[in-house]
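The values are calculated or read from the model by the stated rules, or taken from the named source; none is laboratory data. The model shown is predicted, which means the values in this text are computed figures rather than measured ones. Positions of Cβ are generated from backbone atoms using ideal geometry, with glycine treated the same way; all protein chains shown enter the neighbour counts. These area figures cover heavy atoms from the full protein model, side chains too; ligands, DNA and RNA do not enter into them. Shrake-Rupley method; radii C 1.70, N 1.55, O 1.52, S 1.80 Å.
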There are 2 protein chains.
Amino acid sequence: MNTLAEENYLKSIYHLSISADNVSTNQIAAALNTKASSVTDMLKKLAEKALINYTRYQGVNLTPSGEKIAINIIRKHRLWEYFLVEKLNFKWDQVHDMAEEMEHISSAELIDRLDEFMGHPRHDPHGDPIPDSEGRFKTAELKPVSALMVNQCGIISGVRDHTSPFLQYLEKQQLTIGKKITITDIIEYDHSVALKTDTEKEVHISREVANNLLIAL
Amino acid sequence: MNTLAEENYLKSIYHLSISADNVSTNQIAAALNTKASSVTDMLKKLAEKALINYTRYQGVNLTPSGEKIAINIIRKHRLWEYFLVEKLNFKWDQVHDMAEEMEHISSAELIDRLDEFMGHPRHDPHGDPIPDSEGRFKTAELKPVSALMVNQCGIISGVRDHTSPFLQYLEKQQLTIGKKITITDIIEYDHSVALKTDTEKEVHISREVANNLLIAL
DNA sequence: TGCAAAATTTAGATTAGTCTAAATTTTTTA
DNA sequence: TAAAAAATTTAGACTAATCTAAATTTTGCA
């Protein structure tokens, strides 16, 4: 198997690959809170193991086997997050660090049984899709609230920012996964958005929040 | 916090301390499948951290803070084993290696909630007591079946051997935790034991099995 | 298009944990 | 009770992962 460090690199490369074809050394260093020189060393090792395609100075991308490993770690992370929230009653802003440790538990049998125990959930507490045991999953077409127009409505289905402060703020405003919202006004001046929930609650959110809150139409 | 290696050393020292006051370098090396020289190095580090009392050539024992850490790891191990058997339907002979990884998940809050989720179980699937969040637990006074006399009865409450083959054998003979048994005969020649379960099933076990099967009277 | 800035890699160290082989201490036993 | 055997420690080396500082390559913009 792979070391903990290797797994974390693969996971980071996977996440960074979403928005770019090739991932740079510095991007990885920033994501993992480490130095570029350390990243270079590890990239050589991962390339040696054929988990990434790496050309000096040109950035990297995952090979199919590297991607498979990355997706499996993400599957484990999201299933454990679901477990922590649904079974152990943690809040959605509390579970990330714990899942960060638990995602490295190796047994595939364990994770498949956990999946079954929870009824094969499709999404983690933040709305991110949970890959199945074959690594398959579909990313829903989500839009930020900031992309909607007045009177449009949709269901809160994901977040772009997974940090505690943001999640706690959403929780306080009752803007949680599954809630239906309707845009009531868009303030030209600062691009902030007024909206109401299905319980007729009126909420006013900043442009930044509207950008990080994702909607399924 | 402590590293994974440190935690494993403390746990091993704790387990070995049950049957001896001081634990030797070689005993630890055998338990951890490593070399005596590696153990010496680690003992110096643990002594430096005041987790063990160590005098060169004289073996070691845990300090109160070392013992506290060891018991906490054992608590986590046993709670996860219980989870795996009771919630994920693993057999009692399948869970050791998984729990060996899971015992290093650090969050105390997580383990306390897991404990609560499962209704504060007192014993793991092998009958071993689960320490509470303060590290308290009582070891029941258990006797090996080999210490009983004909017509004595008792409840199967623990095992001395935790290996898969032994546990699988017991399972096949329906000699599992909680079963009530009565000694029907003791064969002088080889010290093997005949017994019957509460379902009137007759079983004949070797001296070795009788030694490793523990009973509460 | 050529040079400065930014990004990346290399070189050389460091730390944790491990190992083998040699040296030392303790224990056993003749 | 002294030598042999066993246990333990020390010395020196190795691997994984990291770091800083210096060297190299790429990029971008004047």
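Where a ≥ b ≥ c are the square roots of the eigenvalues of the C-alpha gyration tensor, would you call the range B:43-157 rounded, which needs a/c under 1.5, or, failing that, prolate if a/b is larger than b/c, or oblate? Oblate.
In chain B, the longest principal axis of the Cα atoms and the axis of helix B:108-117 are about 20 degrees apart.
Over all other residues within a Cβ to Cβ distance under 9 Å of B:ILE181, the charged ones net out to +2, with Lys and Arg as +1 and Asp and Glu as -1. Shielding value for B:188-198 is 0, the average number of Cβ atoms from other chains within 10 Å of each residue's Cβ. Among the residues of B:89-95, the average count of other protein chain beta-carbon atoms within 10 Å of the residue beta-carbon is 2. Distances, shortest first, from the label point of B:ILE155 to those at the same position in the other copies read 4.9 nm; the point lies 7 Å along Cα to C-beta.
Checked against a 27 Å cut-off, the cross-linked pairs A:LYS44/B:LYS35; A:LYS76/A:LYS138; B:LYS91/B:LYS196; A:LYS11/B:LYS11; A:LYS91/B:LYS87; B:LYS87/B:LYS138 give Cα-Cα distances beyond that limit for A:LYS44/B:LYS35; A:LYS11/B:LYS11.
Taking 0.36 nm per residue of separation and subtracting the current Cα-Cα distance, fully stretching the chain between B:THR55 and B:ASN151 would add 29.6 nm. Association of chains A and B removes close to 1600 square angstrom of accessible area from solvent, both sides included, for a probe radius of 1.4 Å. Computed from label points 7 Å out along Cα-Cβ, the spacing between A:SER19 and B:GLU202 is 7.5 nm. Per-residue Karplus couplings for the range A:154-166, computed as 6.51 cos²θ - 1.76 cosθ + 1.60 with θ equal to phi - 60°, are listed in order as x, 10, 4, 9, x, 9, 8, 9, 9, 6, 3, x, 5 Hz, Gly and Pro entered as x. Only helices enter this figure: runs of n ≥ 4 DSSP H residues, each worth -39500 (n - 2.57), summed and divided by the residues of chain B, yield -12500 deg cm²/dmol at 222 nm to the nearest 500. Between copies, B:ASP21 shows label-point distances of 7.3 nm, shortest first, with the point placed 7 angstrom from Cα along Cα to C-beta. Around the Cα centre of the protein assembly as shown, unit charges on the Cβ atoms of Lys, Arg, Asp and Glu (plus for the first two, minus for the last two) sum to a dipole of about 440 debye. The angle between the Cα long axis of helix B:64-86 and the main principal axis of chain B comes to about 50°, on a 0 to 90 degree scale. Each Lys or Arg adds one and each Asp or Glu takes one away; over the other residues whose Cβ falls under 15 Å from the Cβ of A:ASN26, this sums to +1. Given a Förster distance of 25 Å, report the FRET efficiency between B:ARG113 and B:MET1 from their Cβ-Cβ distance, rounded to the nearest 0.05. After rounding to 0.05, the efficiency reads 0.80.
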